[in-house]
Structures are given as C-alpha cells and as structure tokens.
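Just below is one structure, and these are the notes that go with it.
Since every read-out is calculated from the coordinates, none of them should be taken as a lab result. Remember, it's a predicted structure, so these values are computed and weren't measured experimentally. Cβ atoms come from the backbone with ideal geometry, glycine included; neighbour counts cover every protein chain shown.
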Amino acid sequence: MKAFSACDVLFAPTAPGTAFPRGYAEDNAVGTYAADVCTVPVNIAGLPAISIPCGADVNGMPIGLQIIGRAGEDFSVLDCAYFAEREDIFKDTGRKYTGGASDTAQSKAQSKAQNTAQNYKAREEEA
C-alpha cells in the first residue's frame, strides 16, 4: 500500500463523532451502525488496528483515535498505542477522558435510558 511507504502506522478517527451516551443504541440502531464507517474498511483490508482514547469532548465523552498498521505488523500498532499511553501524548488537548461521561451528559443519558425502558414496558403491557 502506498499509504505505508512513508510511515509505519496511520492515525485516523475511530468514529465520525464521540462516544454515544448510555441508551443511545436502543433508540438509534442505524446511527450506531453508521458509526462503524471508519473501522470497517480497515477490517475488510485485513489491517491491524487499535482504538485508544485521545481526549474528550466538551461533555466529557471520549474521542477515539484509531492506529492502523501494515498487514502482519500488529506489533507496530501495539507499540504505538503503548507509547501513546505511557507518554500521555494527549495530555495537552485540554480535555482528558477519565473513563466516564460528565455528570450532565451521564444524567441526560440515564434519563433517556429510563424513558426508553418505561416505553418498552408500556408497549409490553398494551400487547
């Protein structure tokens, strides 16, 4: 591949947006599948890749970075991801993903998930 003639790995987004809030997939299956647009071509090509968090949006939701390597060179991808984690190369982005959504985003997601659960329960009772 010409893309790897000048580098060992490529960086690309993992998804077109940030992580979905809890409960999103239940209400929007098409949107969930569409988010795979950045990873599917890499899988079809048979290239090794890994996704790591590289920061967070204003709501504290993680932004994913996909590290893609040459076919058969999984070690390059893993080495690069390990380096990024060890050296904390994304520390200057201003927003660090801490493993969870902000209180506001999490609260909104929980409310939406509760509403979805109530809607499903109401449908079952009607049937």
Problem set entry | For peptides 58-69, 33-44, sequence by mean Cβ density within 10 Å, most packed first | 58-69, 33-44
For this session: Pop out the ³J(HN,Hα) list for the range 16-24 in order, Karplus 6.51 cos²θ - 1.76 cosθ + 1.60 with θ = phi - 60°, rounded to Hz; leave Gly and Pro as x.
Result: x, x, 7, 4, 6, x, 4, x, 4
Exercise. Summing Lys, Arg as +1 and Asp, Glu as -1, what charge do residues with Cβ under 13 Å from the Cβ of VAL42 carry, VAL42 excluded?
Worked result: -1
Seminar exercise, completed: Taking the alpha-carbon centre of each part, the distance from the range 59-86 to the range 1-51 in Å is 12 Å
Problem set entry | Potential extension, LYS2-CYS38 segment - 0.36 nm per residue separation minus Cα distance | 11.1 nm
For this session: Obtain the nm distance between the two label points defined at ILE89 and ASN28 by a simple spin-label model: each point lies 7 Å from its Cα along the Cα-to-C-beta direction.
Result: 3.0 nm
